[in-house]
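The structure appears below as structure tokens.
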Ligand code: MRU
């Protein structure tokens, strides 16, 4: 039912196949990614995008960097894994899932090195770790869906921004997962999708995947969000996140903050849906979240045609931060964080850490 954003093909050596998202919905093309540089490029170009999907892609990217080495000594394998992780870390700065996944991969290499494994066994361990990250994301999406579906009554209408669905994750999505789960349980749910300027993830991806799943979706431009709220068409807002600070400030696609302000004005609940891997425990609040700036051409040449005068100054931040005070709740895999603040976020992170500690680490 859900689109499969990316997958590892073969054993070792293998490669990654992903949906080339820049071409959707016009063309459905599968992209084969066979090297670290190709993976870095795919992430930067948004061929694969969305915070959790970027993490999974980067994890597989590390495997691509170690699977074909002429020198398979354990020292060289670990060194090349670190080099691949450093290259992939430069692909995009905002989504913390990228760094979370790369940290897991480096920790796995170090752990297996310390266990005395030889080079090929360390490579096999890295593939197992990337596959575990992928499986964890799939399972987490399902849990987010179950927790979030409780917020949706039969007949609910949701407004969403950007794409936080199956195309943005290794599973069924974050913000769209509650919609999929509620729909599967027989609830009627309707969605208004913001088109999401400038790269149109809402129009090209969210509308596409919801249509594909048979869910009632209506496309609007970003500037129409206030109007549909004023017309009382929206019951709640569900969005994803790229990085959440310890106080609950949540960074997501540019325009999300405006939606949150509009929701507050219209007394509409505003929920963020995100896995714990999207929380950055190093940041006290959202002010230090690095905001990616993208090329001016994304605004001046929307999809090929010039739409602005030559030489005009352009500012193109790809993300913004919604302060915690505008957030009704954050849906996580360990439950709903209502009216997020430092204490409640830390309690959820502690629950997540306890759950991870209770599970055995993945082994090849
Ligand atoms: O620039 P993008 O398309 O990678 O931005 C994606 C978003 O902002 C998503 O809302 C976010 O990553 C959550 S995805 C589950």
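The values are calculated or read from the model by the stated rules, or taken from the named source; none is laboratory data. What you see is a predicted model, and the numbers here were worked out from it, not measured in a lab. Methodologically, a virtual Cβ is constructed for each residue, glycine included, from the backbone with ideal geometry; neighbour enumeration extends over all protein chains shown.
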The condition of being within 16 Å of the ligand (Cβ to nearest atom), without any contact (Cβ under 8 Å) to a residue 40 or more places away in the chain and surrounded by fewer than 23 Cβ atoms within 10 Å (Cβ to Cβ) holds, among 203, 184, 193, 213, only for 203
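Restricting attention to the range 284-309, and to residues there that are in contact with a helix residue (DSSP H, G or I) (Cβ under 9 Å, 6 or more places away or on another chain) and buried (at least 17 other Cβ atoms within 10 Å of the Cβ), which single residue is farthest from residue 52 (Cα to Cα)?
Just the residues of the range 284-309 that are in contact with a helix residue (DSSP H, G or I) (Cβ under 9 Å, 6 or more places away or on another chain), to begin with: 284-286, 289, 306-309.
Right, trim to buried (at least 17 other Cβ atoms within 10 Å of the Cβ) and you get 286, 289.
Details: 286: 19, 289: 17 Å.
Taking the candidates together, the pick is 286.
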Residue 225 - would you say it is more than 14 Å from the ligand (Cβ to nearest atom), within 30 Å of residue 288 (Cβ to Cβ) and modelled with pLDDT of 95 or more?
yes
Hey, residue 290 hits all of (1) part of a helix (DSSP H, G or I); (2) over 30 Å from residue 233 (Cβ atoms); (3) more than 13 Å from the ligand (Cβ to nearest atom) but one; which does it fall short on?
(1)
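Could you look through the range 310-325, keep only residues that are surrounded by fewer than 13 Cβ atoms within 10 Å (Cβ to Cβ) and touching a helix residue (DSSP H, G or I) at 6+ places or on another chain (Cβ under 9 Å), and pick out the one that is farthest from residue 95 (Cα to Cα)? Quick ask: steps written out before the conclusion?
To start, the set of residues in the range 310-325 that are surrounded by fewer than 13 Cβ atoms within 10 Å (Cβ to Cβ) comprises 310-313, 315, 317.
In the following step, the residues that additionally are touching a helix residue (DSSP H, G or I) at 6+ places or on another chain (Cβ under 9 Å) were identified as 310, 312, 315.
Details: 310: 32, 312: 29, 315: 20 Å.
Step by step, filter the range 310-325, then rank; the result is 310.
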Mind checking which residues of the range 242-268 are more than 17 Å from residue 199 (Cα to Cα) and either within 11 Å of the ligand (Cβ to nearest atom) or outside the structural domain of residue 321 (by TED's automatic domain parsing) (or both)?
243, 244, 250, 251
I'm trying to understand the selection: among the residues of the range 225-246, which are in contact with a strand residue (DSSP E or B) (Cβ under 9 Å, 6 or more places away or on another chain) and exposed (fewer than 14 other Cβ atoms within 10 Å of the Cβ)?
227
